[in-house]
């Protein structure tokens, strides 16, 4: 199973580099783990970024369903996982994540670790999915809460100062769900799962993976990624 997943991930990396001139640089995928990753471990598939993990309250666990996911069960703010690149200067990127919210979700699912440098969040906000806030409001929904698996892609184009969000559940994205332009927006300083860096606005739910590419993926590549990963999440 894990060997097949690794082969599929390798094939996806190859096609993405060819189609969109973007390389997978951070790959924190629960399919590569049988437990919550240890503090100081590397995000598998890239080996470049060390993870910071705190789970003294044991509110984060590893769930075997859907090929594996990291599950946050309650609002214990001192339990978190973060790591990845620091894109606080001009840098185009794509963040791709798979997630499912729980009925008690109430905070930020994926956030920047250092809000002093950039304010950034993705995935869900206050229990509502399909959120992207790259230092300015692209989409902060106030309704639409559910417990379905979502595949979301957030892109930032530094040459045009444009952020875009592609969203999907069972149907592949056919275009941009939300877009916005602002010269003050853009980057993040590492990516923190399940809460803000002050241990507040905790979001319960499941995260299958968080992947970062060092460029903007085009729609055709995003649709190809959806086709590759949808079966894992029940579609």
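Residue 90 to residue 126: FRET efficiency via 1/(1 + (r/R0)^6), r the Cβ-Cβ distance, R0 45 Å, to the nearest 0.05?
Calculated value: 0.90.
Rounded to a whole number, what is D in µm²/s for the stretch 33-114 from Stokes-Einstein with the Kirkwood radius over alpha-carbon pairs (37 °C, 0.692 mPa s)?
D = 229 µm²/s.
For the chain, what is the mean residue ellipticity at 222 nm derived from helices alone (per DSSP H run of n ≥ 4: -39500 (n - 2.57); sum divided by total residues; nearest 500 deg cm²/dmol)?
-4000 deg cm²/dmol
Assuming a viscosity of 1.306 mPa s and a temperature of 10 °C, what translational diffusion coefficient in µm² per second does Stokes-Einstein assign to the stretch 125-233, Rh being the Kirkwood radius over Cα pairs?
Roughly 106 µm²/s, to the nearest whole number.
Any idea what the relative contact order of the chain is, in percent, if you count C-alpha pairs under 8 Å spaced at least 6 apart?
27
Looking only at Cα atoms, what is the convex hull volume of the stretch 2-233 per residue, in Å³?
Hull volume normalised by residue count: 106 Å³.
Show me 41-54, 135-148, 92-105 ranked by packing, highest mean number of other Cβ atoms within 10 Å first.
92-105, 41-54, 135-148
Read-outs: derived from the displayed coordinates by stated rules, not from any lab. This one's a predicted model, so the numbers in the text were calculated from it and none came from an experiment. Neighbour counts are summed over all protein chains in view; Cβ atoms, including those assigned to glycine, are modelled from backbone coordinates with ideal geometry.
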